[in-house]
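**Q** Structure below; questions to follow.
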Amino acid sequence: MCGIVGYVGSSHAKEKVIDGLRRLEYRGYDSAGIAMPIQGRIQITKAVGELKNLEAKVSDPEFDAAVAIGHTRWATHGKPTEVNAHPHGNMDNSIAIVHNGIIENYQELREWLAVEYGIVFKSETDSEVIAHLIGLYYDGDLLAAVNKAVADMRGAYAVAVMAADEPDKIIAVRKDAPLVVGAGNGFNMIASDVPALLKYTRDVYFIENNETVELTKDSVVIYDEKGSTVDREIKSVEWKADAADKADYDHFMLKEIHEQPSVIRETLLNRLNPDDSIKLDDISMTKEDIENFNKIYIVACGTAYHAGLVGKMVIEKMAKIPVEIDVASEFRYRDTFIDDRTLFIAISQSGETLDTLAALRDAKDRGARILSVVNAVGSSIARESHDVFYTLAGPEVAVASTKAYTTQLICMYLIGLYMGSTKGTIDKEYYDFMLSELKSLPAKVERILQDEEKIKALAERYHFNEHVFFIGRGLDSGVSYEGSLKLKEISYIHSFAIAAGELKHGTIALMDKDTLVIALATQDKLYEKMVSNIVEVQARGAHIIGLAKEGKTEIEKTSDEVIYIPKCADEVAPVLAVIPLQIYAYYVALEKGCNIDKPKNLAKSVTVE
Ligand code: F6R
């Protein structure tokens, strides 16, 4: 969850590192710090709260160096205080480290270092042990000291290290936490995520597990676990540098909501040949493979899981293969039926969510074929999968996921259509119809975005309710979960999603005149049943905002307000239905004065269990 940035060049390292940290703000943080070798000593500066607090402390232009490592921390071990913030130094600050991840045996190491070597710890963090271990082993060769220290450490980590006696280099090491190197002309950088590098370079090396990397301004040397050098191919990252900027929007979330027509178009068109066949040339899934699968597991967390809920129904309908879906933290600990006839689909925006990654590894060990749907190129989940289907959403900065979700849905349709057409479970007419429906989505999303003011007005009217329920049937029930999550995570209003047909089995007891119900009724064959469900809650005094396709006006009789989405096939309605729910959540949070891009208690990338 923390952000790491390091820079080795000829001058002005401070500015580059702080700029990089700002681009990682979306990961969430509560404190920040920077270390620079200045006049033979490592100067460590830290500040609690926003990055600007750290910037103020290091604003003197004289206080700069050619090399720096920086960190934004999200507290896990120890409170968010200055002392607990990174970088951490050893006893005399001749070594400084920044760390992302968890050192599982830190208690044991702390005790050993304190008893055997009289080391006094300053912070409550697990990370500080790393600085002391390296300090203990250091005898003029930082690379050797880091390798020795790593042998003592158990857990997940990306660590960047500098030594006062070798002020022209950074050593970094990774195990189960993301780490990338940005290669430049006369400088090199290290970071926990690509957006931190984009302003300075697009040429990156993805560092693999158990690899160590030595950076000077003119060289990048990667070593494997045994200490042999690794010949890693440099990758060019396509993301635009301003893709991680807010442009003219007040919040990244709003900008990302508005990017949906273009990212949906890109994700779709990138996978279509001129004759409209689906292009999966980088995905080695043959007809025999597809016919061999007898079950599919979709595993993900949060919003990505909600995309999977829709994916399950779509893939079952099109490919006629049973699909089970589970949240990764549950999947990992139950007895699942995985073998070499299982297709395991992991969905993840960041590609670093630890629970999803662990579930993937477990399924892979047991013989499943792994297909991941990922946004962050070269992330851990992408690298560890047999095949990757990238969502071309670009960097998603707001903690609340929007454009990643809709592009994940596009991937679900393409996977379903590809499997169905390859197996022969859908005919050409249906395939062509679905493709034309998918292609019409960007323009239809655009039309919904033009209704932003109307949805904003609804949010101004309805943001007082303490409880909001999202109900729907079929695909709408999947979208209800996502609408509910969006609202609760950014506005802190208690919301709850439930399949509409389940209401009468208990939850309807909660309905009264103070309840707001957002009722999704986009599925033609379930429309009348949904209208009956709306009548049931209306009879208990609840206020209703209905959501239906244009032309389906029956719902007006039973709803206080209705939001319409353009006409479309039922299958693709989730892509349209979620847009008003995202906008509604955004404006409710704005009305309530919430910190929209960085909601309390949340971080963008959850790399701990
Ligand atoms: C909610 C949200 C989270 C993520 C979840 C999985 O808006 O963003 O629920 O969807 O933490 O993250 P990824 O997709 O990165 O695996």
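The values are calculated or read from the model by the stated rules, or taken from the named source; none is laboratory data. This is a predicted model, so every value here is computed, not measured. Glycine gets a Cβ as well: all are built from the backbone with ideal geometry, and neighbour counts include every protein chain shown. Side chains included, ligands, DNA and RNA excluded: accessible areas come from the protein's heavy atoms. Shrake-Rupley method; radii C 1.70, N 1.55, O 1.52, S 1.80 Å.
**Q** Could we say that Thr342 is under 30 Å from Asp570 (Cβ atoms), touching a Lys or Arg at 6+ places or on another chain (Cβ under 9 Å) and open to solvent by less than 50 Å² (accessible area, probe 1.4 Å) here?
**A** In short, yes.
Residue-wise test of (1) in a strand (DSSP E or B); (2) under 26 Å from His132 (Cβ atoms); (3) over 27 Å from the mean Cα position of the chain (by Cα).
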site: Tyr29; (1), (2), (3): no, yes, no
site: Ile44; (1), (2), (3): yes, yes, yes
site: Thr72; (1), (2), (3): yes, yes, no
site: Thr81; (1), (2), (3): no, yes, no
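**Q** Another question, if that's okay. Taking the conditions exactly as written (crowded, with 24+ Cβ neighbours inside 10 Å, assigned to a strand (DSSP E or B) and within 13 Å of the ligand (Cβ to nearest atom)), does Ser372 satisfy them or not?
**A** yes
**Q** While we're on this one: Test Asp250 against the criterion of being more than 30 Å from Ala589 (Cα to Cα) and either open to solvent by less than 20 Å² (accessible area, probe 1.4 Å) or not in a helix (DSSP H, G or I) (or both), and give yes or no.
**A** Spelling it out, it is not the case that Asp250 is more than 30 Å from Ala589 (Cα to Cα) and either open to solvent by less than 20 Å² (accessible area, probe 1.4 Å) or not in a helix (DSSP H, G or I) (or both).
**Q** Go through the residues of the range 96-112 one by one and say whether even a single one is without any contact (Cβ under 8 Å) to a residue 12 or more places away in the chain and acidic (Asp, Glu).
**A** yes
**Q** Please note which helices (runs of 4 or more DSSP H) are completely contained in the range 263-341 and include at least 1 residues that are within 14 Å of the ligand (Cβ to nearest atom) and not aliphatic (A, V, I, L, M).
**A** Counting at least 1 such residues, we get 302-319, 328-331.
**Q** Scan (1) open to solvent by 50 Å² or more (accessible area, probe 1.4 Å); (2) modelled with pLDDT of 95 or more; (3) under 17 Å from the mean Cα position of the chain (by Cα); (4) not charged (D, E, K, R) for the single condition Gln408 breaks and write down its number.
**A** Status for Gln408: all satisfied but (1).
**Q** Going by what's in this entry, would Val572 be described as within 26 Å of Glu489 (Cα to Cα) and within 16 Å of the ligand (Cβ to nearest atom)?
**A** Taking the combined requirement at face value, the residue does not satisfy it.
**Q** May I pose another question? Whether any residue in the range 139-158 is of a type in the set (Val, Ile, Thr) and either at positive phi or assigned to a strand (DSSP E or B) (or both) is what I want to check.
**A** Within the range 139-158 (the criterion being of a type in the set (Val, Ile, Thr) and either at positive phi or assigned to a strand (DSSP E or B) (or both)), the answer is no, since none of the residues qualifies.
**Q** Quick one: is Ile119 open to solvent by less than 10 Å² (accessible area, probe 1.4 Å) and among the aliphatic types (A, V, I, L, M)?
**A** no
**Q** Let me ask something additional. Looking at the range 3-22, I want the residues that are β-branched (Val, Ile, Thr) and have a partner that is in a helix (DSSP H, G or I) with Cβ atoms under 8 Å, at least 6 apart or on another chain. Which pairs are those?
**A** Val5/Lys16; Val5/Val17; Val5/Gly20; Val5/Leu21; Val5/Ala196; Ile18/Leu51; Ile18/Leu54; Ile18/Glu55
**Q** Would a scan of the range 384-402 turn up a residue that is open to solvent by 10 Å² or more (accessible area, probe 1.4 Å), part of a helix (DSSP H, G or I) and either away from the ligand (no atom under 11 Å from the Cβ) or not small (Gly, Ala, Ser) (or both)?
**A** Yes, some residue in the range 384-402 is open to solvent by 10 Å² or more (accessible area, probe 1.4 Å), part of a helix (DSSP H, G or I) and either away from the ligand (no atom under 11 Å from the Cβ) or not small (Gly, Ala, Ser) (or both).
**Q** Can you tell me which residue within the range 75-90, out of those that are touching a helix residue (DSSP H, G or I) at 6+ places or on another chain (Cβ under 7 Å) and not polar (S, T, N, Q), is surrounded by the fewest Cβ atoms within 10 Å (Cβ to Cβ)?
**A** Only one residue tops the list, namely Gly89.
**Q** Mind listing whichever residues of the range 358-369 are within 16 Å of the ligand (Cβ to nearest atom) and touching a residue at least 40 places away in the same chain (Cβ under 8 Å)?
**A** Ala358, Ala359, Leu360, Ala363
**Q** Which condition breaks for Asn93 when tested against (1) open to solvent by 20 Å² or more (accessible area, probe 1.4 Å); (2) of a type outside the set (D, E, K, R); (3) touching a residue at least 60 places away in the same chain (Cβ under 8 Å); (4) part of a strand (DSSP E or B)?
**A** With respect to (1) open to solvent by 20 Å² or more (accessible area, probe 1.4 Å); (2) of a type outside the set (D, E, K, R); (3) touching a residue at least 60 places away in the same chain (Cβ under 8 Å); (4) part of a strand (DSSP E or B), Asn93 is out only on (4).
**Q** While we're on this one: I need a count of the residues in the range 561-600 that are of a type outside the set (Gly, Ala, Ser), in a loop (DSSP other than H, G, I, E, B) and at pLDDT 95 or above.
**A** 3
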